[in-house]
1. Name the residue that is farthest from Ile346 (Cα to Cα), counting only residues in the range 251-270 that are within 16 Å of the ligand (Cβ to nearest atom) and over 25 Å from the mean Cα position of the chain (by Cα).
2. Pairs only if they're at least six apart or on different chains, beta carbon under 8 angstrom, first in the range 243-259 and hydroxyl-bearing (Ser, Thr, Tyr), second surrounded by fewer than 17 Cβ atoms within 10 Å (Cβ to Cβ); list them, first residue then second.
3. Of all residues in the range 395-412, how many are part of a loop (DSSP other than H, G, I, E, B) and either within 11 Å of the ligand (Cβ to nearest atom) or in contact with a Leu (Cβ under 9 Å, 6 or more places away or on another chain) (or both)?
4. Scan the range 517-550 residue by residue and report those that are polar (S, T, N, Q) and over 27 Å from Tyr413 (Cβ atoms).
5. Going by the structure shown, is Lys374 touching a residue at least 60 places away in the same chain (Cβ under 8 Å) and more than 16 Å from the ligand (Cβ to nearest atom)?
6. Tell me, please, whether a residue that is assigned to a strand (DSSP E or B), β-branched (Val, Ile, Thr) and away from the ligand (no atom under 15 Å from the Cβ) can be found in the range 347-364.
7. Restrict the check to the range 303-316 and report whether at least one residue is in the same structural domain as Phe267 (by TED's automatic domain parsing), away from the ligand (no atom under 15 Å from the Cβ) and within 24 Å of the chain's Cα centre (by Cα).
8. Can you list the helices (runs of 4 or more DSSP H) found entirely within the range 459-558 that contain at least 1 residues being of a type outside the set (A, V, I, L, M, F, W, C) and closer than 15 Å to Gly277 by Cα?
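The values are calculated or read from the model by the stated rules, or taken from the named source; none is laboratory data. Nothing here was measured: the structure is a model prediction, and the numbers come from that model. Because the Cβ atoms are built from the backbone with ideal geometry, glycine has one as well, and the counts that use them run over all protein chains shown.
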Amino acid sequence: MEDSKLCSSSEIIETDESCTIVLELPENDPFFDKKKNLLHNKGFDVREHVQLQSITCPDSIATMLEKILEIARITHLDEVELYFCKVDECSSVEYCSPRNEVEALNSILALVDSLLSRQTRTEMNALQAFQDAIVDRLEKFVDKNREESRIDKSYSCDKEKRIAEWGEINGIKSRLEIVYVEGAGRGGIATKDLKVGDIALEIPVSIIISEDLVHQSDMFHILGKIDGISSETMLLLWSMKERHHCNSKFKIYFDTLPKEFNTGLSFGVAAIMALDGTLLLEEIMQAKEHLRNHYDELVPALCHNYPDVFPPELYTWEQFLWACELWYSNSMKVMFLDGKLRTCLIPIAGFLNHSLHPHIIHYGKVDSITNTLKFPLSRPCRIGQQCCLSYGNFSSSHLLAFYGFIPQGDNPYDVIPLDFDAGELDPIEDCPVSSQTTHMVRGTWLSKNHNLFHYGLPCPLLNFLRRARSPTLHTKTITQSNLEIEIEILEVLQSTFNNMMENLGDTDPVDRENATWDVKLALEFKDLQRRIVSSILTSCDSGLKLVQNEFSRSVVEE
Ligand SMILES: C[S@@+](CC[C@H](N)C(=O)[O-])C[C@H]1O[C@@H](n2cnc3c(N)ncnc32)[C@H](O)[C@@H]1O
């Protein structure tokens with residue numbers, strides 16, 4: 001799981017005595033210039049003052065919230081969202097993704113909470129009303145995006161109950177019960193209604209598995225001398241042995257881990273072959289080759305030179321792969337009080353599943369007062385509902401390769417990258433990456449604008465293709481020459497995606513019912529790819545009809 005929860009790319013600050021919120025896009029935001037342009041296009045500054053004291057009636061509160069939310073959405077955009085949200089100057093930045101929406105609302109709530117905590121204010125009522133409006137908005141957002149998880153009651157969860165008791169003895173505070181969730185393995189459900197800001201889980205640092213444990217082990221005097229070895233590799237080697245250690249402090253934790261992880265890294269030949277035509281095939285092959293080389297360079301020599309510390313029977317390739325899958329799918333990055341970011345395994349928290357509509361987004365920083373890691377809610381979770389994390393803004397291909405699942409629902413990060421020759425480049429502001437060569441597409445059902453000059457396709461890509469044909473600034477006016485360019489670029493895209501569809505093939509000659517877990521997953525992924533490519537082809541097709549109609553009309557008018 002990544003650490004994006006720690007370092008939000010933007011920040012909103014709150015100041016002064018006059019009940020004014022100052023929303024500021026920090027200069028160290030990695031996409032500062034693009035966000036600044038977007039803010040300017042919408043009539044906002046990078047530092048925007050919003051007066052709150054006069055708001056009292058529900059309508060003005062709603063209008064105020066809408067304005068602040070528009071700014072907060074922009075400041076919290078990530079790279080992919082920024083690429084796809086580029087909209088017309090006249091339109092507002094609407095809802096971009098569940099993560100962005102929840103982050104934006106929570107950042108405003110944090111500001112209002114901090115204003116409210118100042119007891120001397122005379123504008124308490126207005127602030128309180130504004131706070132209620134934000135919470136209400138978050139609740140409505142949840143109701144609209146409610147995900148039902150089915151709980152398999154036939155699963156006994158004995159081991160999970162035991163570790164929960166162990167956790168309690170060791171200082172874990174939890175408002176979750178570990179159950180078996182259909183299609184996702186173990187997961188945590190809320191034992192009471194949880195509100196925004198409530199802590200679902202609190203883990204003392206003393207039971208977090210981090211590099212400190214390797215330092216205390218008999219391996220460190222050997223591993224510490226290896227040039228360039230990372231602490232993650234040391235931990236991986238440590239966990240391969242520790243899982244078999246009868247007196248380990250973490251025996252109860254290791255006992256709850258699956259015997260097999262079933263991620264893309266364990267795909268068999270048939271599943272790999274089923275991925276033909278997708279980029280995931282190459283991604284998995286490369287990742288596995290990298291791990292195999294890593295193993296060959298390191299492990300046999302350790303077993304040979306120090307068999308007492310690294311018993312060969314515990315350090316086979318299969319066990320190494322198991323440990324890699326454990327760390328890829330279960331670790332979290334945690335910022336400790338010394339300011340160091342460490343990759344850790346966290347008992348109990350490791351039972352939480354991922355969702356595209358996560359309840360918990362910010363969870364990677366040790367609290368300096370309690371010396372615990374807290375998992376606070378960014379959106380409400382009702383009693384009995386599964387409480388999910390965001391592992392990060394990952395595509396389904398990444399989640400499949402390293403976690404072994406494809407999330408339910410529309411994943412806004414499911415993009416297909418498109419690389420263009422450097423010679424075709426046009427370094428104008430639209431592209432989000434510094435090399436400027438990478439553009440991307442995603443399912444066009446996620447786009448709201450399917451009109452002329454948009455077609456549900458990303459603006460940076462269309463503008464890039466337009467400029468490659470006509471270097472002068474493109475205005476979206478209906479002239480015959482502009483329409484001719486539109487036809488050309490839509491035909492180019494149509495041909496690119498027709499090829500992609502051909503490579504994916506129409507159907508898979510496999511008995512899905514009886515297929516193995518990995519083949520089923522591979523086919524599910526391929527279906528998703530087909531759906532994305534097919535939506536782009538449909539958009540190109542409708543776009544071409546739209547442009548051709550306009551073209552015919554303009555010819556008649558002439
Ligand atoms: C950190 S563990 C979560 C606990 C896990 N369900 C278990 O039983 O141990 C991560 C693993 O949970 C599963 N998982 C997490 N989120 C999921 C989801 N939304 N759908 C299906 N499986 C999921 C995947 O197998 C993933 O590798």
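1. To start, the set of residues in the range 251-270 that are within 16 Å of the ligand (Cβ to nearest atom) comprises 252-267.
Subset that is over 25 Å from the mean Cα position of the chain (by Cα): 252-256, 259.
Working: Ile252: 12, Tyr253: 9, Phe254: 11, Asp255: 14, Thr256: 12, Lys259: 18 Å.
Result: Lys259.
2. Thr256/Lys159
3. Adding up the residues that qualify gives 9.
4. Within the range 517-550, Gln548, Asn549 meet the criteria.
5. Against the criterion (touching a residue at least 60 places away in the same chain (Cβ under 8 Å) and more than 16 Å from the ligand (Cβ to nearest atom)), Lys374 qualifies.
6. no
7. No, the range 303-316 has no match at all.
8. Of the helices (runs of 4 or more DSSP H) lying wholly inside the range 459-558, those with at least 1 residues that are of a type outside the set (A, V, I, L, M, F, W, C) and closer than 15 Å to Gly277 by Cα span 480-504, 517-557.
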